[in-house]
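Got a structure for you, questions after.
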Amino acid sequence: MTNHWNDLQHTDVAMIIGANPAENHPISFRWLLKARERGGKIISVDPRFTRSSAQADLYSPLRSGTDIAFIGGMINYTLQNNLFHKEYVAKYTNASFIVKKSFKFDDGLFSGFDEATSSYDKTQWAFETDKDGKPLRDEKLENPRSVFQLMKKHYSRYDAETVSTVTGSPKEDFLKVCELFCSTGKAGKAGTIMYAMGTTQHTVGTQNVRSYAMLQLLLGNIGLPGGGVNALRGESNVQGSTDFALLWGDLPGYIGAPKAIPEHATLEAFLEKETPKAGYWSNKPKFVVSLLKAWYGPNATKDNEFAYQMLPKGNKNYSHISLFNAMYKGELEGTFLFGQNPVVGGPNAGKEKESLSNLKWMVAVDLWETETSSFWQKEAGSDPSTIATEVFLLPASSSFEKEGSVTNSSRWMQYRWKAIDSRGEAKADLEIIHILATKIKELYKNESTPAAQPIKALHWEYGHGDHPDIDIVCKEINGYDYKTGKQVPGFGALMDDGSTCSGNWIYSGFYPEEGNNRSKSRDSKNTDGGTNFLNWSYAWPANRRILYNRASADPSGKPWSEERAVINWDASQKKWVGNDIPDFVPTKAPTDEGGTNPFIMLGDGVAGMFVPTLNDGPFPEHYEPFESPVPNVFSSVEMNPTVKVWDGDFNKKGNYKDFPIVATTYRVSEHWQSGSMTRNQEWLSELVAHMYVEISEELAKEKGIKNKDKIVVSSARGDVTAYAMVTKRFKPYKLNGGTIHHIGMPWHFGYKGYATGDTANRLTPHIGDANTMIPEYKAFLCNVRRA
Amino acid sequence: MATKYVKYVDVTKCDGCRACMVACKNWNDLPAEPQDFLGSMQSHANVTADTWNVLTFVEHENSKGNLDYLFRHSSCFHCTDAACEKVCPENAISYTDKGMVVVDQEVCVGCGYCEQNCPFDVIHLKTYKDENGKEYRKAHKCTMCTDRLDEGLQPACVTTCHTGAMEFGEKDEIISKAEKRVKEIKERYPNAQVYNPQGVGGTHTIYVLAEKPSVYGLPENPKVPTSAVLWKDYAQPIGKAMVGGVAMALAGAFVANKFFDKKNGGQEEDGGGNHE
Amino acid sequence: MGVATMSKTHNSQLQVKRFSKAFVWAHAINGIAFIGLYITALPMYTEFFDWLYPLMGGPEGARLAHRVLAVAFILPTFIFLIFDPKGFMNWMKELVTWKKRDLQFFSEFVKELFGFKSKHVKQTFFNAGEKINSLLQIVCAILLIASGFTMWFPDAFPTALVQWGYFLHNVGFGLGFAVVLGHIYLSVIHKNSRPGFTGVITGKVPAEWAKDHYTEWYEEEVKKGNFPDLDDPKNNKKKGA
Ligand SMILES: Nc1nc2c(c(=O)[nH]1)N[C@H]1C(S)=C(S)[C@@H](COP(=O)(O)OP(=O)(O)OC[C@H]3O[C@@H](n4cnc5c(=O)[nH]c(N)nc54)[C@H](O)[C@@H]3O)O[C@H]1N2
Ligand SMILES: Nc1nc2c(c(=O)[nH]1)N[C@H]1C(S)=C(S)[C@@H](COP(=O)(O)OP(=O)(O)OC[C@H]3O[C@@H](n4cnc5c(=O)[nH]c(N)nc54)[C@H](O)[C@@H]3O)O[C@H]1N2
Ligand code: HEM
Ligand code: HEM
Ligand code: SF4
Ligand code: SF4
Ligand code: SF4
Ligand code: SF4
Ligand code: SF4
Ligand SMILES: [Mo]
């Protein structure tokens, strides 16, 4: 989230698109309803009418997989009707930048596309620069090669009529959404976009998010209370885990992991290549060296590149689908599954189950025996005699049985204390990792093979015995001066000479001095006058609550409006003051060099309307999902041309003729994810006790299905049996003149626990987003019949 | 009179999360009761002796032709004139000084009169087995977490409700709050209303409904059943008086008869009538 | 109570059959069940009688007994109907035939009840009072049985019916109490009816009493040759003496 949960109460219009927070992020509704009491409005855009839609003032359906068409239409509406925040756009975004002539867009393809590699030559999308390398700008936004004019042209194709034809959203509904949401383009108004998996789980997931960001920038909604692009994160600590390099291409703190390419051969080369000249990332070497110091301690010296060579380097794609593909092909020997249940939660789950049987060994670390750790059993539909995989199940402690922190969507790192002891032999994940690390180090102690080097180099000093000292871990994450052992006050103090360490630079500052672990702060008094509660937990970076808050003030440093003030430049004190930590150099005056550049993490200091770094293009463009019921109306390119397509048995594709119905998958309040945590709990199981499929009354009639009938849903990958939930909340979609049916189902079920049912993921395809590889769980084709 | 308290349910703020259902089971230690698939998101068709509140889900096309997805936390209303209390033959049901209607399972004999007479169908019998395998039944329903109220806490469901759809407070304050709320939402829900039915003397679970009560499956004008009023307020007292009266009359007749018999020279032996 | 005295002081050698075995049994079972139902119902009816519960195995015991007795209460009608269909039909016929003399009976009856002198009105098998009693008993029984069933099996009936059932059952209780108390008083305690009480137990009643009370019936039976003619002196020692 650029903003935070409590901050939602300040919004004038919340557009919930690609999320269902009433069910999946219920607490958000506490704040949204507060906003509504102040006159705020809620919009819900979702293929089906959800519990969030029930609370919305305005609902528009849209066919799954068509967010870019919808938002593209909104961008067009904003531009055509002059509803955008002109000064904000001109000053704080790259809309004024001039794009090189080499950038072109023609029939669905941007310039620089290479068929053979399914990738773009991104250099063709560069900006015109002056002799200092600074982008040329036209703040009047009139230059035909300006981002603004190119954008205007690009989205002029997204007129309301076409949008409605593609998305299936009735034109009136679409225009009502435009009218209401774009009303936040005025100064003094703020609109927020709340999104989650309905947005991201697509072959165009990243560009979906991009389209939201562009709209918000146009409306000047970023950096102010009640505004922002707010990703409603998933698992309780998924924010924390991505911060700590859960993503396969990252080191902690969103530092791109080095690859096995010549440019990354040495630390120096790597830093040279990956450090931008301007913006906050110009400090990257300090973060990287401090990280290496944290990991390798005394073994990281200036002379040995701070043990840079100990880092694994590869060029492979280590995303979920790729890993399972490797497993499927027998390329992986073993795997550790820490708290995941892919036989239920993975895409094309039938194949994922099959893949597991190609492993020699598998270690599952979990609270329960899940469908995954028992994939080899008869009940799972397997023949144990043909499976050679050796499976270990390590019992893990639940969150209540251990100490540590979780970071929520607000980026708040909140410490939690143990409530009860673990049962049986269960251990906290941290303990399991600790024991593993010490045992493995022990085993490699006397070895000198290349494989042993990184293990031996690892500095693992977190106390003795099976219980690591979490406080030592915390202190290391914050970072300290390597000589004095004193905690550093924040990432500003990190050095690239090996004198400091920090396990994750973005968290540096949460433990600024001995005895002050700020993630333990629990002061619920509202000390700031706003609702930022600066003394409740610790928000990275630097405890600021609203990111890019410099943008809440005009270029001169005065808030755009008093109601939406966060920080302002106090000329007498010569610093930025307000009710949040400035997301800016606190003493940099508006008149200083870069004093009007609020997006300090970006090289240019302004937000990107045009982003020349993503794999699939600088502007979001609508493409149909991997499996689509209709041809792309916008161009002759059907699917995002840059996605990686796995073929053969691993990823069968269904066509419209055999599978004419669009399907999507989603969650319900009552279940958690793959269901291990809730299907093993009776009170939750009784609330949603059966696998069901939501279908419209019209489709039901067509197929002779009555409510509560058992039905079979099939895709090219498999079929599932479930109850039909015939509902008014799903309506057929009118597209290109034809009627397309759309269904949806929860993906929480498996055969274990109290509430059992078929696994929806037996239907979903093995295909992912072009940038993140997140699977396209949200749009695929199927057919439906009575069981 | 002690201050009366109510549970306030503003359904227009409810997002259907059903935390209230779980909180109730958790606090009151109630077992799960998995049901067959009901064809909607609703888990249980109605409250039961083991499921004291149920979230109802209604798909309703409103007067503007738009779809409303209506949620309602449904539990005992804690009527001011509680039919269940009225009809209970064992006085197992009583009012607390805060206005709640509670069942004393020690006294309850499981006759089910309450179940049959509750105008809202929210009190039900649970079947138990004693150690000999013999079945017996007890009436159960929402207690308004009286045990929590006694400790100065609020009902478990109210405490857990994250949207503020439920509140607990003094009756008069809540009623004005509810009325104010209805005014606020009239534009969006023209049929919005406070549901505090006077046919049962008002209730201690008070709703702000977005639609007419019948849309939620609630009676428009619930009242203590006329039969129950006639039964308990008329038939029973008259019956008692009559039983007493007849007994007295017969006793009187007996005495009078004896008296006249003596005067007439003890004709009781003749076996015939007193005719000539 | 008065049975022993009756048989020795009265000219009772001459007995006639008034009630069939079926009726006697039916009536006895019915009567006992009825009393049982009342006793078990009393503590349910009012807390005043809660002290009865412990005697019946608590509220559960009382309720169980009430149900058992309810069955016992319903059975007799069938016993009577099956084993003495003629008697049953006769009874039914009596109940629906009302003549002028039936109405006359009442004014005299009230006098008789309180021991005043009264004029005898000729009656058939049942006198008008007994007919009223029968009718009231039947109405009451139907009321109680019907409503009792709705209470017993509430799930089998619409809620409204069950709710009204409680009311009607309760009314039945009150009504039944009055009627039966009257019935018992007249048939057991009131001196002139005592032979009838013996009759309802043995089936037989003194011929003379029968002739006095149910003249028309008696005379009809005499004509049929079933009963002795008491006006024949050899049959009536007392009068002839
Ligand atoms: N109760 C509960 N809460 C949870 C979870 C849970 O399992 N249970 N999981 C957590 C996790 S890990 C995550 S990631 C989050 C996910 O949170 P959400 O993203 O809110 O979860 P979903 O229900 O998967 O998807 C949201 C909505 O997207 C809609 N949708 C489908 N396709 C499209 C589309 O193409 N465009 C748009 N605009 N909408 C679409 C679906 O109909 C659905 O209503 O929830 C978290 N919270
Ligand atoms: N069709 C479809 N599929 C989806 C999605 C979708 O929207 N549609 N959403 C996707 C998303 S967003 C996500 S995040 C994934 C989630 O997929 P998974 O992560 O596989 O799902 P979970 O059920 O969260 O698995 C967590 C496991 O961790 C265990 N666990 C809980 N606490 C602990 C602990 O403290 N330690 C350890 N070691 N284990 C623990 C639980 O028992 C459970 O078995 O699913 C994805 N799958
Ligand atoms: C002489 C006849 C009867 C009398 C006087 C009588 C009286 C009563 C009374 C007073 C009650 C308590 C209800 C109240 O408080 O109003 C009661 C309950 C009941 N009666 Fe009867 N009743 C009689 C016959 C029957 C019959 C014939 C049946 C069944 C067919 C029956 C079935 C019941 C049942 C099921 C109950 C409910 C008991 C419980 O579970 O609490 N009764 N009766
Ligand atoms: C529910 C209970 C009862 C019912 C429905 C009932 C019904 C009847 C009926 C229909 C008759 C036939 C003639 C008449 O109406 O008098 C009768 C006769 C009689 N009953 Fe009952 N009775 C009941 C209980 C009792 C009880 C408890 C007693 C005495 C303890 C009693 C004593 C008599 C006597 C003595 C007669 C004979 C009167 C005659 O000579 O015809 N009855 N009863
Ligand atoms: S599930 Fe937990 S974290 Fe989410 S809203 Fe409910 S209480 Fe809060
Ligand atoms: S709602 Fe029903 S159970 Fe609750 S107090 Fe009223 S009558 Fe009794
Ligand atoms: S079931 Fe229990 S509480 Fe209900 S009326 Fe009967 S005795 Fe009273
Ligand atoms: S008040 Fe208490 S008993 Fe009643 S529904 Fe709420 S939690 Fe359950
Ligand atoms: S807890 Fe509150 S919001 Fe959730 S279902 Fe219950 S009443 Fe509605
Ligand atoms: Mo997630």
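The values are calculated or read from the model by the stated rules, or taken from the named source; none is laboratory data. In this text the structure is predicted, and so the values were computed from the model without any measurement. Note: ideal-geometry Cβ built from the backbone for every residue, glycine included; neighbour counts use all protein chains shown.
Whether any residue in the range B:123-140 is within 16 Å of ligand 6 (Cβ to nearest atom), within 15 Å of the chain's Cα centre (by Cα) and at positive phi is what I want to check.
Looking for residues that are within 16 Å of ligand 6 (Cβ to nearest atom), within 15 Å of the chain's Cα centre (by Cα) and at positive phi, one finds none in the range B:123-140, hence no.
Still on this structure, I have one more. Pairs under 6 Å by beta carbon, first residue away from ligand 7 (no atom under 16 Å from the Cβ) in the range A:222-250, partner acidic (Asp, Glu), six or more apart or different chains?
A:PRO225/A:ASP7
Same structure again: Whether any residue in the range A:347-358 is buried (at least 19 other Cβ atoms within 10 Å of the Cβ), away from ligand 3 (no atom under 16 Å from the Cβ), at pLDDT 95 or above and closer than 30 Å to A:PRO468 by Cα is what I want to check.
Looking through the range A:347-358, none of the residues is buried (at least 19 other Cβ atoms within 10 Å of the Cβ), away from ligand 3 (no atom under 16 Å from the Cβ), at pLDDT 95 or above and closer than 30 Å to A:PRO468 by Cα.
Yes or no, residue by residue, for (1) among the aromatic types (Phe, Trp, Tyr); (2) within 14 Å of chain A (Cβ to nearest Cβ); (3) closer than 22 Å to B:CYS20 by Cβ:
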{"residue": "B:SER43", "(1), (2), (3)": "no, yes, yes"}
{"residue": "B:HIS60", "(1), (2), (3)": "no, yes, yes"}
{"residue": "B:THR80", "(1), (2), (3)": "no, no, no"}
{"residue": "B:PRO89", "(1), (2), (3)": "no, no, no"}
{"residue": "B:VAL101", "(1), (2), (3)": "no, no, yes"}
{"residue": "B:LEU125", "(1), (2), (3)": "no, no, no"}
{"residue": "B:LYS129", "(1), (2), (3)": "no, no, no"}
{"residue": "B:LYS141", "(1), (2), (3)": "no, no, yes"}
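Out of the residues in the range B:111-120 meeting the condition of being closer than 17 Å to B:VAL47 by Cα and not in a helix (DSSP H, G or I), tell me which one is nearest to the other protein chains (Cβ to nearest Cβ).
Only one residue tops the list, namely B:GLY112.
So is A:PRO276 modelled with pLDDT under 95, touching a Lys or Arg at 6+ places or on another chain (Cβ under 9 Å) and on the phi < 0 side of the Ramachandran plot or not?
So A:PRO276 passes the test.
Would a scan of the range A:153-170 turn up a residue that is within 27 Å of A:ASN3 (Cβ to Cβ), more than 16 Å from ligand 10 (Cβ to nearest atom) and without any contact (Cβ under 8 Å) to a residue 60 or more places away in the chain?
no
Related question: Yes or no: A:GLU776 more than 16 Å from ligand 5 (Cβ to nearest atom), away from chain B (no Cβ under 13 Å) and acidic (Asp, Glu)?
Yes, satisfied.
Could I ask something else about it? It is to be established whether one or more residues within the range B:216-225 are within 14 Å of chain C (Cβ to nearest Cβ), crowded, with 20+ Cβ neighbours inside 10 Å and farther than 30 Å from B:ALA2 by Cβ.
No; the residues of the range B:216-225 include none that is within 14 Å of chain C (Cβ to nearest Cβ), crowded, with 20+ Cβ neighbours inside 10 Å and farther than 30 Å from B:ALA2 by Cβ.
Residues are listed down the side, and each one gets a yes or a no for (1) over 25 Å from A:HIS766 (Cβ atoms); (2) within 16 Å of ligand 9 (Cβ to nearest atom); (3) more than 27 Å from the chain's Cα centre (by Cα); (4) free of Cβ contacts under 8 Å to residues at least 40 places away in the same chain:
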| site | (1), (2), (3), (4) |
| --- | --- |
| A:LYS652 | no, no, no, no |
| A:TYR656 | no, no, yes, no |
| A:THR665 | no, no, no, no |
| A:SER669 | yes, yes, no, no |
| A:GLY675 | no, no, no, no |
| A:ASN680 | yes, no, yes, no |
| A:SER685 | yes, no, yes, no |
| A:SER696 | yes, no, yes, no |
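If you scan the range B:70-110, which residues turn out to be part of a strand (DSSP E or B) and not hydroxyl-bearing (Ser, Thr, Tyr)?
B:LEU70, B:PHE71, B:ARG72, B:HIS73, B:CYS79, B:ILE93, B:VAL101, B:VAL102, B:VAL103, listed by residue number.
Look at the range B:11-41 and say how many of its residues are more than 21 Å from the chain's Cα centre (by Cα), facing chain A (nearest Cβ under 9 Å) and either without any contact (Cβ under 8 Å) to a residue 24 or more places away in the chain or part of a loop (DSSP other than H, G, I, E, B) (or both).
Number of matching residues: 16.
A follow-up question, please. Quick check: anything in the range B:145-159 of a type outside the set (Val, Ile, Thr) and at the interface with another protein chain (Cβ under 10 Å from one of its Cβ atoms)?
The answer is no, given that none of the residues of the range B:145-159 is of a type outside the set (Val, Ile, Thr) and at the interface with another protein chain (Cβ under 10 Å from one of its Cβ atoms).
Tell me, which residue of the range B:189-204 that is assigned to a loop (DSSP other than H, G, I, E, B) and in contact with an Asp or Glu (Cβ under 8 Å, 6 or more places away or on another chain) is farthest from B:SER63 (Cα to Cα)?
Applying the filter and picking the extreme gives B:GLY201.
Tell me which strands (runs of 3 or more DSSP E) are completely within the range A:378-478 and hold 2 or more residues being loosely packed, with under 12 Cβ neighbours inside 10 Å and in contact with a Cys (Cβ under 7 Å, 6 or more places away or on another chain), or say none if there are none.
Of the strands (runs of 3 or more DSSP E) lying wholly inside the range A:378-478, none has at least 2 residues that are loosely packed, with under 12 Cβ neighbours inside 10 Å and in contact with a Cys (Cβ under 7 Å, 6 or more places away or on another chain).
When the range C:200-241 is examined, which residues are found to be touching a helix residue (DSSP H, G or I) at 6+ places or on another chain (Cβ under 6 Å), outside any loop (DSSP other than H, G, I, E, B) and at pLDDT 70 or above?
The answer is C:VAL200, C:VAL205, C:PRO206, C:TRP209, C:ALA210, C:LYS211, C:TYR218.
Another question, then. Check C:THR124 against each of (1) at pLDDT below 85; (2) within 14 Å of chain B (Cβ to nearest Cβ); (3) surrounded by 17 or more Cβ atoms within 10 Å (Cβ to Cβ) and name the one condition it does not meet.
Checking C:THR124 against (1) at pLDDT below 85; (2) within 14 Å of chain B (Cβ to nearest Cβ); (3) surrounded by 17 or more Cβ atoms within 10 Å (Cβ to Cβ), the one that fails is (2).
Exactly one of (1) at positive phi; (2) more than 16 Å from ligand 1 (Cβ to nearest atom) is unmet by B:LEU38. Its number?
Result: B:LEU38 fails condition (1) only.
If I ask for residues that are on the phi < 0 side of the Ramachandran plot and within 16 Å of ligand 6 (Cβ to nearest atom), which ones from the range B:142-193 would you list?
Result: B:CYS142, B:THR143, B:THR146, B:LEU149, B:PRO155, B:CYS157, B:LYS171.
Give A:ILE75, A:ILE17 a once-over and let me know the one that is touching a Leu at 6+ places or on another chain (Cβ under 6 Å), more than 10 Å from chain B (Cβ to nearest Cβ) and buried (at least 23 other Cβ atoms within 10 Å of the Cβ).
The match here is A:ILE75.
Scanning for something in a loop (DSSP other than H, G, I, E, B), in the same structural domain as A:ASN76 (by TED's automatic domain parsing) and within 30 Å of A:LYS644 (Cα to Cα), does the range A:179-196 turn up at least one residue?
Scanning the range A:179-196, I find at least one residue that is in a loop (DSSP other than H, G, I, E, B), in the same structural domain as A:ASN76 (by TED's automatic domain parsing) and within 30 Å of A:LYS644 (Cα to Cα), so the answer is yes.
I've got another one for you. Report, ordered by the first and then the second residue, all pairs with beta carbons closer than 9 Å, sequence separation of six or more or different chains, a first member in the range B:177-200 that is within 14 Å of chain A (Cβ to nearest Cβ) and at pLDDT 95 or above, and a second member that is in a helix (DSSP H, G or I) and more than 16 Å from ligand 3 (Cβ to nearest atom).
So the pair list comes out as B:ARG181/B:THR12; B:ARG181/B:LYS13.
If the requirement is being farther than 19 Å from B:GLN154 by Cα and surrounded by fewer than 18 Cβ atoms within 10 Å (Cβ to Cβ), which of these qualifies: B:GLN116, B:GLN35?
Criteria check complete, one pass: B:GLN35.
Can you pull out every residue in the range A:526-549 that is closer than 29 Å to A:TYR254 by Cβ and over 24 Å from the mean Cα position of the chain (by Cα)?
Selection gives A:ASP528, A:GLY530, A:THR531, A:PHE533, A:LEU534, A:ASN535, A:TRP536.
Condition (residue is facing chain B (nearest Cβ under 10 Å) and assigned to a loop (DSSP other than H, G, I, E, B)) applied to the range A:81-104: is it met by at least one residue?
No, that holds for no residue.
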